[in-house]
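Chemist: Mind having a look at this structure? Questions to follow.
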Amino acid sequence: MSARPPLPPFTRETALQKVRAAEDAWNTRDPHKVSLAYSEDSVWRNRDTFVTGRAAIVELLTAKWAREREYALRKDLWSFDGNRIAVRFQYESRDADGRWWRSYGNELWEFDGQGLMTRREASIDDVPIEEKDRRLFGPRSDAERGALLPLR
């Protein structure tokens with residue numbers, strides 16, 4: 001696989017580029033496209049699920065986006081050092097019964113020298129919301145870039 005710039009070690013600018021690229025990819029809800037940012041043997045903890053490898057990542061994301069309809073995500077850079085990045089995120093989605101949820105979480109990322117993510121650990125909490133309380137509608141516009149997420 002070819003390199004996925006930006007490559008570590010990260011600067012503030014390149015860490016922000018990596019976070020923005022991840023947000024944009026995840027908002028496509030295309031598991032195959034998203035999986036290309038991860039190494040072939042990438043290991044994940046996503047909530048209470050542990051997976052290894054791109055095929056398992058595609059399977060997890062396919063099931064996720066079948067459950068989490070109208071998914072819209074925002075990620076913010078929290079910290080970075082060397083080949084690691086920490087982000088906080090929020091996303092909103094609707095379940096099969098029409099209930100809306102806002103999910104809050106933190107991710108820890110580790111990258112190889114080619115810029116592929118080799119490790120992802122995600123802790124996520126879900127909060128029910130009313131449809132009228134939604135604030136995330138599709139991918140982030142250019143005007144929203146750099147705006148921090150509210151705590152709640």
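Chemist: I need every pair where a residue in the range 8-34 that is touching a residue at least 12 places away in the same chain (Cβ under 8 Å) and more than 11 Å from Leu77 (Cα to Cα) has its Cβ under 8 Å from the Cβ of a residue that is open to solvent by 40 Å² or more (accessible area, probe 1.4 Å) and of a type in the set (Gly, Ala, Ser), sequence separation at least 6 or different chains.
Modeler: Once the first residue is touching a residue at least 12 places away in the same chain (Cβ under 8 Å) and more than 11 Å from Leu77 (Cα to Cα) and sits in the range 8-34, its partners that are open to solvent by 40 Å² or more (accessible area, probe 1.4 Å) and of a type in the set (Gly, Ala, Ser) give Pro8/Gly113.
Chemist: Also, I was wondering about something else. Can we say Arg67 is open to solvent by 70 Å² or more (accessible area, probe 1.4 Å), closer than 25 Å to Asp133 by Cβ and of a type outside the set (A, V, I, L, M)?
Modeler: On the way: open to solvent by 70 Å² or more (accessible area, probe 1.4 Å): yes; closer than 25 Å to Asp133 by Cβ: yes; of a type outside the set (A, V, I, L, M): yes.
Spelling it out, Arg67 is indeed open to solvent by 70 Å² or more (accessible area, probe 1.4 Å), closer than 25 Å to Asp133 by Cβ and of a type outside the set (A, V, I, L, M).
Chemist: Mind checking which residues of the range 7-50 are over 15 Å from the mean Cα position of the chain (by Cα), closer than 19 Å to Asp112 by Cα and open to solvent by 20 Å² or more (accessible area, probe 1.4 Å)? Before the answer, list the steps.
Modeler: If we filter the range 7-50 for residues that are over 15 Å from the mean Cα position of the chain (by Cα), which is where we start, we get 7-14, 39-41, 48-50.
Subsequent filtering for residues that are closer than 19 Å to Asp112 by Cα retains 7-14, 39-41.
Passing the criteria: Leu7, Pro8, Pro9, Thr11, Arg12, Glu13, Thr14, Glu40, Asp41.
Chemist: Within the range 105-143, how many residues are outside any loop (DSSP other than H, G, I, E, B), free of Cβ contacts under 8 Å to residues at least 24 places away in the same chain and open to solvent by 20 Å² or more (accessible area, probe 1.4 Å)?
Modeler: So the answer is 4.
Chemist: Separate question: Going by the conditions given, is Gly146 in contact with a strand residue (DSSP E or B) (Cβ under 6 Å, 6 or more places away or on another chain), surrounded by fewer than 11 Cβ atoms within 10 Å (Cβ to Cβ) and outside any helix (DSSP H, G or I)? If you could, list the steps in order and put the result at the bottom.
Modeler: Working: in contact with a strand residue (DSSP E or B) (Cβ under 6 Å, 6 or more places away or on another chain): no; surrounded by fewer than 11 Cβ atoms within 10 Å (Cβ to Cβ): yes; outside any helix (DSSP H, G or I): yes.
So Gly146 fails the test.
The values are calculated or read from the model by the stated rules, or taken from the named source; none is laboratory data. Model, not experiment: these values are computed from the prediction. When we count neighbours, we look across all protein chains shown, and the Cβ atoms used for this are built from the backbone with ideal geometry, even at glycine. In case anyone asks, the SASA skips ligands and DNA or RNA and just uses the protein heavy atoms, side chains included. Shrake-Rupley method; radii C 1.70, N 1.55, O 1.52, S 1.80 Å.
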